[in-house]
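Have a look at the structure below, then the notes.
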Amino acid sequence: AGSAARPSGHSCGNPEISWALPDTSHVSHDDLTSQVGEVLLYYCYCEVKDPEKLCAWQKALCQHLHLTGKVRVASEGINGTVGGSKVATSLYIKVMLSQPLFKNILCQEDFKSSAGGAHCFPDLRVGVFKEIVPMGIDPKIVSYKETGIHLSPQEFHREVEQYLSQASQGESDTILLDCRNFYESKIGHFQGCLAPDIRKFSYFPSYVDENLELFKDKRVLMYCTGGIRCERGSAYLRSKAVCREVYQLKGGIHKYLEEFPDGFYRGKLFVFDDRYAICSNEDIISACRYCGVLWDQYKLCSSQHCRQLVLTCPSCCNKGLTACCPVCQEKELKVTSRASGQTLKEECECTRRRPRVPIENVSPRMLDTGK
């Protein structure tokens with residue numbers, strides 16, 4: 001895999017957290033709060049002695065720069081996606097890189113950016129958690145230090161090219177694994193990938209456990225949005241000792257699309273903010289839930305109790321088809337008659353019919369042909 005390596009997080013010493021905030025006296029309020037800006041996505045695995053202190057500083061920093069978004073802090077590091085003006089995000093990156101805790105670990109290229117701003121998030125949420133990405137496995141049991149081999153976008157591109165070439169001849173010993181949720185891979189994915197039909201990343205370990213035979217003696221190429229889910233996901237897969245080797249795309253789809261906007265990834269890239277998706281090519285690979293016309297722009301189910309995403313085209317929306325399923329459409333009519341403050345449990349056809357941990361019924365031949 002060329003110059004690929006298996007880097008580990010920062011483990012020597014525990015530098016004190018700096019409380020420094022950037023000087024913004026030279027910046028106008030309008031420049032700092034402009035709606036025209038960007039969204040940053042990043043993570044950093046390192047040993048954090050005082051997560052509460054890091055959390056408090058991070059919240060103060062984001063408020064100081066008028067940033068919105070979500071930041072997860074844990075003893076294993078930090079994971080964030082924040083939006084604001086370009087002046088604000090530039091200052092944010094500068095301060096993050098100067099934070100002693102992240103010195104020699106976090107670098108400029110670890111920040112993935114896309115067009116957006118503070119308006120892409122409803123508010124700012126900063127908190128302390130057990131994991132910086134919710135896989136549901138204690139970091140002490142499956143550590144980010146045991147991750148798969150990192151491949152640069154160029155190396156990953158060559159691997160996928162070789163995989164697709166061999167798969168077309170029925171000779172591949174590789175699995176191209178999308179470790180995101182089904183609604184993410186539905187609107188965009190790498191050609192020839194295996195995309196688990198799971199709703200949450202916390203289901204991924206059980207998916208691996210139930211499908212170990214699928215991965216036996218295989219080379220696995222993993223990818224996700226920005227790389228963080230692959231860090232823990234690849235570590236978990238390696239802990240099962242069934243694969244020949246596990247590789248992962250460094251920087252995720254985000255970094256890949258920066259270098260290969262018209263490469264082997266087709267469709268939209270799902271993002272966890274009010275944009276729902278960003279695009280790099282014109283391909284539409286998904287369809288309207290109701291009429292089947294090509295469509296890949298998500299909306300929230302119109303039923304107030306539900307948080308499911310639905311693909312419904314403008315024509316179907318105009319017909320009132322805005323819920324994720326008939327059950328939700330019926331509940332939408334009933335919910336207004338319920339007492340104020342009373343809520344309905346999220347349960348509809350979408351959730352009831354989808355198994356939490358699907359068992360892949362895929363023949364070796366189908367995997368080899370990349371279907």
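The values are calculated or read from the model by the stated rules, or taken from the named source; none is laboratory data. Keep in mind that what you see is a predicted model, and the values were worked out from it rather than measured. Please note: Cβ atoms are built from the backbone with ideal geometry, for glycine as well, and neighbour counts cover all protein chains shown. The accessibility values were calculated without ligands, DNA or RNA, using every heavy atom of the protein model including side chains. Shrake-Rupley method; radii C 1.70, N 1.55, O 1.52, S 1.80 Å.
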Exercise for the section: Quick one: which residue in S8, S3 is touching a Lys or Arg at 6+ places or on another chain (Cβ under 6 Å), at pLDDT below 90 and under 30 Å from Q162 (Cα atoms)? Expected result: S8
Exercise for the section: Using the structure shown, decide if R266 is part of a strand (DSSP E or B) and surrounded by fewer than 22 Cβ atoms within 10 Å (Cβ to Cβ). Expected result: yes
Practice task
State whether one or more residues within the range 174-187 are over 26 Å from R356 (Cβ atoms) and either in a helix (DSSP H, G or I) or open to solvent by 10 Å² or more (accessible area, probe 1.4 Å) (or both).
Solution key: no
Practice task
Search the range 55-103 for residues being of a type in the set (K, R) and touching a residue at least 60 places away in the same chain (Cβ under 8 Å), and hand back the single one that is farthest from V27 (Cα to Cα).
Solution key: R72
Completion exercise
In the range 242-259, anything under 18 Å from S280 (Cα atoms) and among the acidic types (D, E) is listed as E258, E259
Exercise for the section: State yes or no: is R158 at pLDDT 95 or above, under 27 Å from Y265 (Cα atoms) and of a type in the set (K, R)? Expected result: yes
Completion exercise
Pairs returned, first residue in the range 122-140 that is at pLDDT 95 or above, second residue that is open to solvent by 40 Å² or more (accessible area, probe 1.4 Å) and among the acidic types (D, E), beta-carbon separation under 7 angstrom, 6 or more apart or interchain, are V128/E52
Practice task
Please enumerate the residues belonging to the range 52-89 that are surrounded by fewer than 18 Cβ atoms within 10 Å (Cβ to Cβ) and among the polar types (S, T, N, Q).
Solution key: Q63
Exercise for the section: Check off (1) in contact with a His (Cβ under 9 Å, 6 or more places away or on another chain); (2) open to solvent by less than 10 Å² (accessible area, probe 1.4 Å) for Q35 and give me the number that stays unchecked. Expected result: (2)
Fill in the blank from the handout: Of A60, A20, the only residue that is over 22 Å from the mean Cα position of the chain (by Cα), of a type in the set (A, V, I, L, M) and either at pLDDT 95 or above or assigned by the TED database to the domain that holds E258 (or both) is A60
Practice task
Considering (1) out of contact with any helix residue (DSSP H, G or I) (no Cβ under 6 Å at 6 or more places or on another chain); (2) buried (at least 18 other Cβ atoms within 10 Å of the Cβ); (3) more than 30 Å from L214 (Cβ to Cβ); (4) of a type in the set (A, V, I, L, M), say which one L97 fails and leave the rest.
Solution key: (2)
Handout entry: Failed criterion for A339 (all others in (1) touching a Phe, Trp or Tyr at 6+ places or on another chain (Cβ under 9 Å); (2) modelled with pLDDT under 90 hold)
Key = (1)
